[in-house]
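Peer 1: Supplied in structure tokens, the structure appears directly below.
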Amino acid sequence: MAPPLNKLACLYLEKGEYSAAEPLFLKLMKFGERTLGEEHPTTIEAFHNLAELYYKRERNSGPKNVTGPRSHNWKRSMAKNIRIRS
């Protein structure tokens, strides 16, 4: 499920269709956390891609429901994305 869904979400992201990409990245994050674990590369990639989406939309904060262990991964992905863009 993850690779095709990720490719579709990335396609939407590249086309600038953020409202279509966002729920797919969120779904991938939940799937990754539940089945692969928070530190798995696929899960981290979903966090990173969502961070890129928010960066491209010029948002300063992520979704309201990212708390606890997720917030650490979220902050790490956001920081990585900002370093890449700088």
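Peer 1: So what J values fall out for region 3-16 if you push phi through Karplus, 6.51 cos²θ - 1.76 cosθ + 1.60 with θ = phi - 60°, rounded to Hz, Gly and Pro as x?
Peer 2: Per-residue couplings from phi come out as x, x, 5, 5, 4, 5, 4, 5, 4, 4, 4, 5, 7, x Hz.
Peer 1: Around residue 10, with a cut-off of 13 angstrom between Cβ atoms, what is the net charge of the other residues, counting Lys and Arg +1 and Asp and Glu -1? Show your work: numbers first, answer last.
Peer 2: Numbers: positive: 7, 15, 56; negative: 14, 17, 22, 45, 52.
In short, -2.
Peer 1: Sticking with this one: Rank-order 44-54, 20-30 by packing density, defined as the average count of other C-beta atoms within 10 Å over each peptide's residues, highest first.
Peer 2: Values: 44-54: 22.4, 20-30: 19.1.
Going by the mean number of other Cβ atoms within 10 Å, highest first, we get 44-54, 20-30.
Peer 1: Another question, if that's okay. Using each residue's phi in region 26-43, evaluate 6.51 cos²θ - 1.76 cosθ + 1.60 at θ = phi - 60° and report the 3J(HN,Hα) Karplus result to the nearest Hz, with x for Gly and Pro.
Peer 2: The phi angles translate into 5, 5, 4, 4, 5, 4, x, 4, 6, 9, 10, x, 5, 9, 5, x, 5, 5 Hz.
Peer 1: So how far apart, in nm, are the two label points at residue 35 and residue 14 if each is 7 Å from Cα heading toward Cβ?
Peer 2: 2.3 nm
None of the figures in this text is laboratory data; all of them are computed from the coordinates on show. In this text the structure is predicted, and so the values were computed from the model without any measurement. So basically every Cβ, Gly included, is an ideal-geometry build from the backbone, and we count neighbours across all protein chains shown.
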